[in-house]
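Please treat every number below as a calculation from the coordinates, not as lab data. No experiment lies behind these values; they were computed from the predicted model shown. Don't worry about glycine lacking a Cβ; one is built from the backbone with ideal geometry, like all the others, and counts go over all protein chains shown.
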Amino acid sequence: MQDEYLKRMVGNLPIVHVAAGFTQAQLGEKIGVSRQTIVAIENGKRPLPLSLYLAMVLVFMQNENSMKLMDSFNLYDIGFIRNAL
């Protein structure tokens with residue numbers, strides 16, 4: 001299941017971070033990576049580590065617009081998040 005959530009997040013990351021009102025650089029700053037890392041993940045040139053996925057979910061949960069998108073795109077499951085932490 002982990003691979004599926006990571007894959008879904010990567011596929012929808014540009015939409016979700018824009019919905020949250022973040023540029024790639026702002027998202028990177030919030031989760032502790034560079035803009036180039038976000039670009040590489042979005043372009044499939046770098047895998048999304050579980051730790052960054054979890055950080056993204058926590059950041060996106062703080063914004064109503066991105067939270068709605070995460071729900072509609074099924075980008076997380078609270079049980080999976082609990083087990084991963």
Going fewest to most other Cβ atoms within 10 Å around each Cβ, 4, 42 line up as 4, 42
Summing -39500 (n - 2.57) over every DSSP H run of at least 4 residues in the chain and dividing by its residue count gives a helix-only mean residue ellipticity at 222 nm, to the nearest 500 deg cm²/dmol, of -21000 deg cm²/dmol
How long is the gain from residue 61 to residue 39 if the chain were fully straight, where each residue apart is worth 0.36 nm and the alpha carbon distance is subtracted? 5.8 nm
